[in-house]
């Protein structure tokens, strides 16, 4: 039964894939030729689903726009939308008392020394920014290439790290890897900055932190992958490691000799003072020699067709770095590894292997012989047959909305006015914006739900008995109250459109069903909510609207994006 | 049983009463049916303190008599040296030598000298006992050594082959096999003060994860009115609508347990106070909450409980000395306060606390005055039932490239497995001898099944 279903799905997706491939390849040549424009307008439910995957939440306006111009044209609009991003904050004095002397308002330290200004900007961007797809892609990259403010607490450092992800969200993954490797916030976070060659006098070895995590978490993972993201097996059925401890040590030696860029006007030295503004530099002495860089040959990743599997001895540190990044970037794992993570961030926790393979193929070759084109990858993810349609059938399809996405979906659905100060309210749901616990991110992309028979559900790692109740209480506050101060500050939903419909409970539920559940509200669910609406005094239209919105938003049917 | 039923009825009288009681009565029936086994007459609790990041226990427990072996590698030029004069000296009769605890652990020294604290040497993940020549010859070893997430899971699951899909933790499996000692109380016997933890996932048992404070925030916004009663009933009913969708069902399960149990816990903890002062640190707050829950054990009707608490920050790749000063201060002070609280509650002999961590760290220092990921590590076991004041297992030879080193950076091959460590604790807790092999499937590969550090 299951096999039959899968076979049908495969046939179906194969046909659709051909259609899509034709459309996309044509799109490469002539951007006006698109799938959407060559067919009838997309179904409303599919449009809402698409916007759940591609934005911080559907709105009446965005639904109408996609219905008007179609998926492909809308994506083109998004690719060209003006960037929001983050302000490149000035670096405040190290001495807080100098910047914020006694008598300064309490906002002084908050704005100069904490993540607050960036967190506010995050919500302002998410609620009002036009570059929604870029924001979602950049945030998905942040969850892969993690710097956490629990170590890097300076907002001027974090803003530049975040902007690399923003600026390259539709760029090339090799640029992401290189710029992140030399980003001083990352250098400080994972100890590449001031990492020195082996010191025979003290017996100190090069630091392995960045070497290990750039492989394990940022690019290839621990085991060799098939093109569809599944683990390769040897003859005995065992997974095949991508690297050994020797490889880690090879990369650790490669990543030696780099320090902060000298501060403006200062002479460079080994171990320059903190500089979070400019990329790290390879330290050179007065003779131009990179004397803190380990000069012996280094063994890097070995794979079929391996680029630079060994770095020659006595190479310049800059060349070592370029070759090492090529060695990583051309590893066959990168496509399926990154594609699977991006699919899980945007569409579904349990994609079919074929879906992963189709996206990974785009990573490997965007159609114009370019590897690592993230724009092509994002487009492939969102326009794939497994992402589109009005009613996906696999029981394990979809994803639990992570707290940030859950919050922005609720706020955007009801045109919230907001000053952006929402971080503390979402932290209570288990996700602390820009401050994941460790380089292992807010939650593991591979987390399996206990007792589920192997269903992957990354967001369930932070979905506990307390945070699940906190989500419902978040809805309570959003619907029956507000976050923070009264308007024009704070954050308030606008329920007017729903109140206007509340005299006709079925019409109200039709609207909520469309905008929040893309038409999937079951008859049983409708009956439950109608009963609750009808228990409210018929003249209290606001309370009736609130009751309906509360129940939809609090339901697991809504918490899970399908 | 009577106790938990009475408590259940009491806690439903909280404003939501009609709907809450209605929806939970079906559950009570199930519980009554399951309550066939003998309820224990004594109380016991296990408290796991997980040190996330991989604790460098090489600087937590240092040879004093043989300080030269330490100083050869971690001397004053190493960036991570702890001077001999600053060590908190303790005697290890099993090793015929003096050792020193980290200078910021005076409270642990006190408990050790009172024989309420033991040290387990060089424990970690293993498939079977492993010598250096075995290791170099390619003998079976745990998957993905030196990787944080894998080693955390293996330490929590006791499945060094790699836990795989549907894995359970050894705490959870122990709970599966001992929950009958609770006589059918429906309240979860496992509580995590530190989010979801694989350690506590059993086949049937799942942890409650309260919020901070007491039980955590209960459902808000249901002051009594006709409309609110109907809305609450609808919310409950929607939690039963999975539509055969896996993720929706999983989300409903979590929320249902939260709504059912957090209220109960808050009621049980109402007015429960301790006279023992706790430090206001992260671990201090978690352990204080655990002590309060233990004090309230009668009203939630439990005789066996397993807790999970944790600290982060142990991934000391750089700046280790300064980091450790804070970390070990917090760990030592919080553990001591917790022990004192169990004395206050007159159950010190019934509560055993123990540390786990991802792995130990390289004995050779890394650039930036830190250390890198390694393998075997030392652990602390605390409680009135602990045969403290001594070391268990074998302290490693600290020579780089020596007999305990995988290679040349000081990654110790464990000489005691987490399976042996866990099985010792679980047997004390009440895991029947017949169930030990099922909970710790690799234990069969090790000669000693009980390390004897707790009775």
Run a plain Debye calculation on the range B:67-179 (Cα atoms as equal point scatterers, no solvent) and give log10 I(q)/I(0) at q = 0.12 Å⁻¹, rounded to two decimals, same order as the q list.
-0.72
Ellipsoid semi-axes in whole angstrom, largest first, where each is sqrt(5λ) of the Cα gyration tensor of the range B:42-89:
30, 14, 8
When you take every Cα atom in the range A:260-387, what is the radius of gyration, and what is Dmax, the widest Cα pair distance, in Å?
19.8, 59
Rounded to the nearest 5, what is the percent of antiparallel bridges among the DSSP beta bridges in chain B?
45
Given the peptides B:258-268, A:251-261, arrange them by the average over their residues of other C-beta atoms within 10 Å, most packed first.
A:251-261, B:258-268
Sort the range B:207-268 into rounded, prolate or oblate with this rule: let a ≥ b ≥ c be the square roots of the eigenvalues of the Cα gyration tensor; rounded if a/c is under 1.5, and if a/c is not under 1.5, prolate when a/b is larger than b/c, oblate otherwise.
oblate
Along principal axes, largest first, the alpha-carbon spread of chain A in whole Å comes out as 83, 69, 48
Sort A:414-427, B:244-257, B:433-446 by packing, meaning the average of other beta carbons within 10 Å per residue, with the highest value first.
B:244-257, A:414-427, B:433-446
Angstrom value of the Kirkwood radius, inverse mean 1/r, which spans all Cα pairs in the range A:444-499:
13.9
Using the basic label-point model (7 angstrom from Cα toward the beta carbon), what is the residue A:175 to residue A:267 distance in nanometres?
3.7
Label-point separation, residue A:310 to residue A:369 (7 Å along Cα→Cβ), nm:
3.1
Rounded to 5, percent antiparallel among DSSP beta bridges of the protein assembly as shown:
60
Chain A, relative contact order in percent, only Cα pairs under 8 angstrom and at least six apart counted
15
In range of the label at residue A:231: residues from the range B:182-199 whose backbone nitrogen is under 20 Å from the point 7 Å along Cα→Cβ
B:198-199
Output field shielding_mean for A:215-228 (other chain Cβ, 10 Å radius) holds 1
Please report how far the C-alpha centroid of the range A:424-445 lies from that of the range B:432-455, rounded to the nearest whole angstrom.
37
So what is the calculated 222 nm ellipticity per residue for chain B, using -39500 (n - 2.57) for each DSSP H run with n of 4 or more, over all residues, to the nearest 500 deg cm²/dmol?
-11500 deg cm²/dmol
How big is the Kirkwood radius of the range A:367-472, worked out from every pair of different alpha carbons and given in Å to one decimal?
16.5
Under the definition of partner shielding as Cβ atoms of other protein chains within 10 Å of a residue Cβ, what is the mean value for peptide B:253-262?
6
Compute the semi-axes of the equivalent ellipsoid of chain B, taking the square root of 5 times each eigenvalue of the Cα gyration tensor, and list them largest first in whole Å.
41, 23, 21
So if we plug the beta-carbon distance of residue A:88 and residue A:43 into 1/(1 + (r/R0)^6) with R0 = 51 Å, what FRET efficiency do we get, rounded to 0.05?
0.75
Take the range A:421-514, drop everything but the C-alpha atoms, weight them equally and run the Debye formula without solvent; then report log10 I(q)/I(0) at 0.13, 0.18, 0.23 Å⁻¹ to two decimals.
-0.67, -0.97, -1.12
Alpha-carbon Rg/Rh ratio, for the range A:38-131, with Rh computed the Kirkwood way
1.23
Cα centroid distance between the range B:66-101 and the range A:249-293, in Å?
35
Here the protein assembly as shown gives, from Cα atoms, an Rg and Dmax in Å of 28.9, 85
Efficiency by 1/(1 + (r/R0)^6): what FRET value for residue A:113 and residue A:286, r their Cβ-Cβ distance, R0 = 45 Å, to the nearest 0.05?
0.80
Per-residue ellipticity at 222 nm attributable to helices in chain A (runs of n ≥ 4 DSSP H, -39500 (n - 2.57) apiece, nearest 500 deg cm²/dmol) works out to -14500 deg cm²/dmol
Please compute the contact order of the range B:155-231 in relative form: average sequence separation of alpha-carbon pairs under 8 Å and at least six residues apart, divided by the residue count, as a percent.
28
Mind checking the angle between helix B:148-157 and chain B's longest principal axis? C-alpha axes, 0 to 90 degrees, to the nearest 10.
70
How big is the shadow of the Cα convex hull of the range A:331-399, averaged over all directions, in nm²?
4.4
Dividing the mean separation of Cα pairs under 8 Å (6+ apart) by the residue count of the range B:250-389 yields a relative contact order in percent of 24
P(r) tail for the range B:129-236, what percent of Cα pairs lie past 22 Å?
56
How well do other chains shield peptide B:368-375, expressed as the mean number of their Cβ atoms within 10 Å of each residue Cβ?
5
Work out, step by step, the length gained on full extension between residue A:61 and residue A:523: first 0.36 nm times the residue separation, then minus their alpha carbon distance; give nm to one decimal.
163.6 nm
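Every read-out reported here was derived from the displayed coordinates using simple, explicitly stated rules and does not represent laboratory data. Please read these numbers as outputs of a predicted model, since none were measured by experiment. Cβ: placed from backbone, ideal geometry, glycine included. Neighbour counts: every protein chain shown.
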